[in-house]
Amino acid sequence: MKFLDRFLRDWRIKKTEPYVEQGDKVLDIGCFDATLFEKLSMKPIGESLGLDPLLKRTITGKNYVLLKGKFPEDLPKGKKFNCITMLAVLEHIPKEEQSKLSNYCYKYLESKGRIIITVPSPFVDHILWVLSKLRLIDGMSLEEHYGFAAKDTPKLFDKNQFKLLNHHTFQLGLNNLFVLEKIG
């Protein structure tokens, strides 16, 4: 991973941290590595889990396990979380799978649990393509971007299941943070 990839990842994580509470059990969908959990260890968080189809092997840390797999099919049975994170992941999920996210997240979140999502604006795809060609970023899985419009993120989550707590842009308006809370 190149410097610029790490810089952008760390910026997304920094935006996420205030919404993860001490003791939260976190599910990081599309974790890639343990960076989120290592940065959250200062809180500290509870027993947490990361899922990523690109992981080569299981990674075990102090209070987390990273598994190769997809959400929700590879999630261990009986697990519930206070917080689900999807940082720069939603734009990689095909449209037909996005429509199922609300029910899946509702099922695996504790009462008042939160979903924290970062999603870039569609224009970012052009910037990433140029940065990739200039070899300034690795441009992980750019071929999977489906042109998802960040403004549509709240529409993916049933209003009877989730309420939007926060939405704001960052990285000069090129990235979005959404925080939703489970109702009930």
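The values are calculated or read from the model by the stated rules, or taken from the named source; none is laboratory data. Please read all numbers here as calculations on a predicted model, not as lab measurements. Neighbour counts are summed over all protein chains in view; Cβ atoms, including those assigned to glycine, are modelled from backbone coordinates with ideal geometry. Heads up: the accessible areas ignore ligands, DNA and RNA and are worked out on the full protein's heavy atoms, side chains in. Shrake-Rupley method; radii C 1.70, N 1.55, O 1.52, S 1.80 Å.
Sorting 163-172, 89-98, 45-54 by average packing, meaning the other beta carbons within 10 Å per residue, from highest down gives 45-54, 89-98, 163-172. Taking amide H as placed 1.01 Å from N in the peptide plane, L109 has its amide H under 5 Å from the amide H of F81, each at least 5 places away in sequence or on another chain. Between the amide H of G46 and those of G23, D24, K25, V26, distances stay under 5 Å, these residues lying 5 or more places away or on another chain, with hydrogens modeled in the peptide plane.
Cross-link check: pairs K68/K163; K56/K159; K62/K151 evaluated at a Cα-Cα cut-off of 32 Å; pairs beyond the cut-off: K56/K159; K62/K151. Excluding same-chain neighbours fewer than eight residues apart, the aspartates and glutamates reachable from K182 by a Cα-Cα span under 12 Å are E110, D158. Taking θ as phi - 60° and the Karplus parameters 6.51, -1.76 and 1.60, the scalar couplings of segment 26-31 work out to 10, 10, 9, 7, x, 4 Hz in sequence order, x denoting glycine and proline.
Can you pull a Stokes-Einstein diffusion coefficient for segment 1-93 at 25 °C (0.890 mPa s), Rh from Kirkwood over Cα pairs, as a whole number of µm²/s? Before the final figure, lay out each step's value.
Working: Rh = 13.4 Å.
Here the translational diffusion coefficient equals 184 µm²/s.
Considering only protein heavy atoms and a 1.4 Å probe, what is the carbon-and-sulfur percentage of the accessible area of segment 1-128?
After summing per-atom areas, the C and S share lands at 56 percent.
Rounded to the nearest Hz, the phi-derived 3J(HN,Hα) couplings of segment 72-77 under the Karplus curve 6.51 cos²θ - 1.76 cosθ + 1.60 (θ = phi - 60°) are x, 4, 9, 6, x, 4, where x marks glycine and proline. With label points built 7 Å along Cα→Cβ from the Cα atoms of A149 and K107, find their separation and express it in nm. The modelled label-to-label distance comes out at 2.9 nm.
Karplus-based coupling profile of segment 167-184, in residue order and whole Hz: 8, 8, 9, 8, 6, 6, x, 8, 10, 10, 10, 10, 10, 10, 10, 5, 8, x, with θ = phi - 60° in 6.51 cos²θ - 1.76 cosθ + 1.60 and x standing for Gly or Pro.
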